[in-house]
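Notes follow the structure.
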Amino acid sequence: GRRALERGMRLVMHPDQFVVLSSDSEGVVANSIKILQMHAEIMDLLEQPRSPWALLEVHGGKGNRADALVERIGTLPDGIRCRLGLENDEYAYGAEEIHAICMRSGVPMVFDAHHHIVHENLSSYEDPSVGAMLLKARETWTNPAHQLVHISNGREGFNDRQHSDLISVMPSSYLQAPWIEIEAKHKEDAIRGL
């Protein structure tokens with residue numbers, strides 16, 4: 001952890017899809033908090049700051065439960081809440097919806113351009129809404145220089161929700177993104193290719 005801080009390397013975690021803070025099942029919520037607490041403790045052991053620099057990013061979870069999600073975020077332990085970020089997805093919470101939740105709950109938004117184009121059925125990363133959402137998401141970051149975005153490409157076609165092995169298409173608006181997290185199956189090979 002110290003080595004990462006000394007070198008300006010950023011450590012972020014993306015807990016699995018079973019973390020659903022907006023679930024209507026108290027058991028699922030309790031388990032989600034337990035998983036997030038484990039991640040937060042690892043960040044503490046790595047001496048990472050209790051801020052979105054050391055982000056714990058999750059999706060909104062169960063749809064049509066924005067109020068419950070905002071309420072639950074407000075009750076999270078400090079080690080989780082100070083690091084938590086929410087990401088838009090293809091189904092339950094599009095970019096505009098997750099942005100509104102982030103504004104209400106005071107957590108940053110991780111804008112994912114691929115999820116956005118799938119959710120909105122867009123034909124290009126150059127759609128004006130991609131650049132607009134990038135800037136809108138930046139409003140949710142206390143330190144705009146720490147804004148993190150995601151990029152992936154569809155495996156079988158542009159609007160395929162499954163992630164491809166590499167990244168061949170990147171939104172030009174991402175030239176304005178301070179931090180880009182690559183979501184590709186071949187990970188470091190995808191980064192080297194870019």
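The values are calculated or read from the model by the stated rules, or taken from the named source; none is laboratory data. Because the structure is predicted, anything quoted here is derived from the model rather than measured. Methodologically, a virtual Cβ is constructed for each residue, glycine included, from the backbone with ideal geometry; neighbour enumeration extends over all protein chains shown. Remember, those area values only see protein heavy atoms, side chains included, never the ligands or the DNA or RNA. Shrake-Rupley method; radii C 1.70, N 1.55, O 1.52, S 1.80 Å.
Just a yes or no: is a residue in segment 56-78 in a helix (DSSP H, G or I), of a type in the set (A, V, I, L, M, F, W, C) and exposed (fewer than 15 other Cβ atoms within 10 Å of the Cβ)?
So in segment 56-78, the residues in a helix (DSSP H, G or I) come out as 66-75, 78.
With of a type in the set (A, V, I, L, M, F, W, C) added as a condition, the list becomes 66, 68-70, 73.
Okay, now just the ones that are also exposed (fewer than 15 other Cβ atoms within 10 Å of the Cβ), so none.
Looking through segment 56-78, none of the residues is in a helix (DSSP H, G or I), of a type in the set (A, V, I, L, M, F, W, C) and exposed (fewer than 15 other Cβ atoms within 10 Å of the Cβ).
Looking only at segment 144-194, residues that are of a type in the set (Val, Ile, Thr) and more than 18 Å from LEU134 (Cβ to Cβ) come to 1 in all. Applying the condition of being acidic (Asp, Glu) and open to solvent by 50 Å² or more (accessible area, probe 1.4 Å) to segment 166-194 and asking which residue is farthest from LEU84 (Cα to Cα) yields ASP189. Selection of segment 12-55 for residues being exposed (fewer than 15 other Cβ atoms within 10 Å of the Cβ) and either in contact (Cβ under 8 Å) with a residue 60 or more places away in the chain or among the small types (Gly, Ala, Ser) (or both) yields SER25, GLY27, ALA30, SER51. Do you know which of the residues in segment 1-26 that are of a type in the set (Lys, Arg) and in a loop (DSSP other than H, G, I, E, B) is nearest to CYS82 (Cα to Cα)? Filtering segment 1-26 for residues that are of a type in the set (Lys, Arg) and in a loop (DSSP other than H, G, I, E, B), the one nearest to CYS82 (Cα to Cα) comes out as ARG10.
Could you check how many residues of segment 145-159 are crowded, with 20+ Cβ neighbours inside 10 Å and under 15 Å from GLU90 (Cβ atoms)?
Quick first cut of segment 145-159, residues crowded, with 20+ Cβ neighbours inside 10 Å only: 147-153.
Checking the rest, the ones that are also under 15 Å from GLU90 (Cβ atoms) come to 150-153.
Result for segment 145-159: 4.
Taking the criterion of being free of Cβ contacts under 8 Å to residues at least 12 places away in the same chain and either in contact with a helix residue (DSSP H, G or I) (Cβ under 9 Å, 6 or more places away or on another chain) or not in a loop (DSSP other than H, G, I, E, B) (or both), the residues of segment 161-193 that qualify are LEU175, LYS187, GLU188, ILE191, ARG192.
Filtered by the rule that a residue be touching a strand residue (DSSP E or B) at 6+ places or on another chain (Cβ under 8 Å) and either part of a loop (DSSP other than H, G, I, E, B) or at pLDDT below 95 (or both), segment 36-55 gives a lone residue, LEU55.
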